[in-house]
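Let me begin by presenting the structure, written as structure tokens, before commenting on it.
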Amino acid sequence: MNNTALEQGKHSTVILDLVEGLYDLAVDLDAAVTVGLAEDYDFALLQSQLMEFSRDAGRVAHRVQDS
């Protein structure tokens, strides 16, 4: 396995970690809403977190394409 393949593997891992974090966030929020714990949930915070995940994934994807 060459360095390029290793780097692409690392990038793929980072992207998958970001996606997993986004999924976990959505599942946790859904569970909180379902049991009534999310009455005071700050949806602006959720939007901010989702935007951060999106920006991070975009930066990683851009770097992978440039490699």
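A short reminder: the numbers here are calculations on the coordinates, not readings from a lab. Please read these numbers as outputs of a predicted model, since none were measured by experiment.
Residue by residue, segment 52-57 carries 3J(HN,Hα) couplings of 5, 4, 5, 4, 4, 5 Hz when phi is fed to the Karplus relation 6.51 cos²θ - 1.76 cosθ + 1.60 (θ = phi - 60°); x denotes Gly or Pro.
Karplus-derived 3J(HN,Hα) values for segment 17-32, using 6.51 cos²θ - 1.76 cosθ + 1.60 with θ = phi - 60°, are 5, 5, 5, 4, x, 5, 4, 4, 4, 5, 5, 4, 5, 4, 5, 5 Hz; glycine and proline are entered as x.
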